[in-house]
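Inspection log for the structure reproduced underneath, given as structure tokens.
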Amino acid sequence: MAVCGDIAVYPSDTVRHMRGAGAVAMLVGPKAPLVLARGLRGTHMENVYDFHKPDGASEYPVLDMKLSIQCYSQALARRDAVYRQKFQKQWEQAGIERPFTLDDFQFMIFHSPFCKMVQKSLAHLIVNDFLSAGSGTQTSLYKGLEAFSSMERFLGQAC
């Protein structure tokens, strides 16, 4: 079992909505209820000072909110592109000849510094899915409307 936790504290009330604590316990091993597909990970790392602790004597971080949101969005887009390429390659090797779409996910989990960030992230993924679905054909137009409908239902329940 792996247990992880985090506490977010800030020196002022300007980012009160981002204060809090969280923890997760995960069962790790061959009989774990959640299976992660090998080779199907999309990762992105970048050395950016959007959130850092330059003063080791202080418990408070320095946060550049605008840059942090920009980094989050860029990382999500890059991760999505890498993941789609890996998924498509694996399907091609298996002889599956159809494009990967968001419909192929059973669920999605987002880091959620605040609620609107998750909503906007999902919206970006849906737009990317729509743009990669086709070249303006009736089918891709329908898929876009269908995705929008799904997004509206999800966003209504998210927060």
* Starting from the range 94-118, take each residue that is closer than 24 Å to VAL35 by Cα and list its partners that are aromatic (Phe, Trp, Tyr), counting only C-beta distances under 8 angstrom and pairs at least six apart or across chains. => ARG98/TRP91; PHE100/PHE87; PHE100/TRP91; ASP104/PHE87; HIS111/TYR72; VAL118/PHE110
* Being hydrophobic (A, V, I, L, M, F, W, C) and over 15 Å from the mean Cα position of the chain (by Cα) is the filter; apply it to the range 86-118 and report the residue that is modelled with the lowest pLDDT. => PHE100
* the range 50-71 - residue that is open to solvent by 90 Å² or more (accessible area, probe 1.4 Å) and closer than 24 Å to LEU122 by Cα and, of those, modelled with the lowest pLDDT -> PHE51
* For PHE110, are the conditions met, namely being under 30 Å from SER12 (Cβ atoms), assigned to a loop (DSSP other than H, G, I, E, B) and open to solvent by less than 90 Å² (accessible area, probe 1.4 Å)? -> yes
* Quick one: how many residues across the range 32-43 are surrounded by 11 or more Cβ atoms within 10 Å (Cβ to Cβ) and either hydrophobic (A, V, I, L, M, F, W, C) or modelled with pLDDT of 80 or more (or both)? -> 2
* Asked: Is it the case that some residue within the range 72-81 is surrounded by 10 or more Cβ atoms within 10 Å (Cβ to Cβ) and under 17 Å from GLN106 (Cβ atoms)?
  -> yes
* **Residue check, ASP55 of a type outside the set (A, V, I, L, M) and farther than 29 Å from ARG78 by Cβ** => yes
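The values are calculated or read from the model by the stated rules, or taken from the named source; none is laboratory data. No experiment lies behind these values; they were computed from the predicted model shown. So basically every Cβ, Gly included, is an ideal-geometry build from the backbone, and we count neighbours across all protein chains shown. Only protein heavy atoms, including side chains, enter the accessible area calculation; ligands, DNA and RNA are left aside. Shrake-Rupley method; radii C 1.70, N 1.55, O 1.52, S 1.80 Å.
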